[in-house]
Structures are given as C-alpha cells and as structure tokens.
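Read the figures in this text as sums done on the coordinates, not as results from a lab. Treat the numbers as computed from the prediction; the structure is a model and nothing was measured. Heads up, the Cβs are rebuilt from the backbone with ideal geometry, glycines too, and the neighbour counts pull from every protein chain shown.
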Amino acid sequence: MSENVIDGRISEVLKQIAELPESFEITADQDLKTDLNIDSLKLIDVVVQVEAVLDVELGDEFSRDLVTVGDLQRHVSERVGG
C-alpha cells in the first residue's frame, strides 16, 4: 500500500473524528491536539479507526508518541510496510 493511500485514509479518519469539512486540508505538520482538536479520547478513536480502515494492528502504546499528523502517518506507514 502506497504512502499516499495510507495518508489519504488517515486524513479521512481525522476529518471524521475531528468533525472537519471534507474540504479541510490535513497536513503532516499539524498538531493533533491544537490544530485538529484531537484530545486523548478522540485519539483512541483515531487509532481504532485507522486500524480498521488499514487492517493493521497498532498496539496500546502506539498513541503515546503522537504529536503531529506526520507522526501518525510515519508510525502507521512503518507498521503497514514492516
């Protein structure tokens, strides 16, 4: 699965959970908490939905190191590709 596909699906999940309009542009440098209003509970939802959409297991400790959208994209790409 290409990184573009992974990033696109992650963006869709983030928009849905953050209740953002479809036209909103998600970028790698956006802070999950301050830019997208993804709190710790919403982040759990993000991880669960990303696991389901991309058919990957991310694990319980996964979300601790996530600060930006890019962090999420990199970690997911490593799990999908590795």
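Tabulated results
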{"read-out": "Matching residues in the stretch 25-43 - criterion: being of a type outside the set (D, E, K, R) and surrounded by fewer than 15 Cβ atoms within 10 Å (Cβ to Cβ)", "value": "THR27, ALA28, THR34, ASN37, SER40, LEU41"}
{"read-out": "Output for the stretch 13-24, where each listed residue is more than 18 Å from VAL67 (Cα to Cα) and either surrounded by 15 or more Cβ atoms within 10 Å (Cβ to Cβ) or acidic (Asp, Glu) (or both)", "value": "GLU19, LEU20, GLU22"}
{"read-out": "All positions within the stretch 55-77 that are assigned to a helix (DSSP H, G or I) and touching a Lys or Arg at 6+ places or on another chain (Cβ under 6 Å)", "value": "none"}
{"read-out": "Of all residues in the stretch 1-36 being part of a loop (DSSP other than H, G, I, E, B) and under 13 Å from the mean Cα position of the chain (by Cα), the one that is nearest to GLU78 (Cα to Cα)", "value": "ALA28"}
{"read-out": "In the stretch 44-82, the residues that are among the charged types (D, E, K, R), touching a residue at least 12 places away in the same chain (Cβ under 8 Å) and either surrounded by 18 or more Cβ atoms within 10 Å (Cβ to Cβ) or more than 21 Å from PHE24 (Cβ to Cβ) (or both)", "value": "GLU57, ARG79"}
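Residue-by-condition table, conditions (1) out of contact with any helix residue (DSSP H, G or I) (no Cβ under 6 Å at 6 or more places or on another chain); (2) closer than 18 Å to SER2 by Cβ:
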{"residue": "ILE17", "(1), (2)": "no, no"}
{"residue": "LEU32", "(1), (2)": "yes, no"}
{"residue": "ASP35", "(1), (2)": "yes, no"}
{"residue": "LEU66", "(1), (2)": "no, no"}
{"residue": "VAL69", "(1), (2)": "yes, yes"}
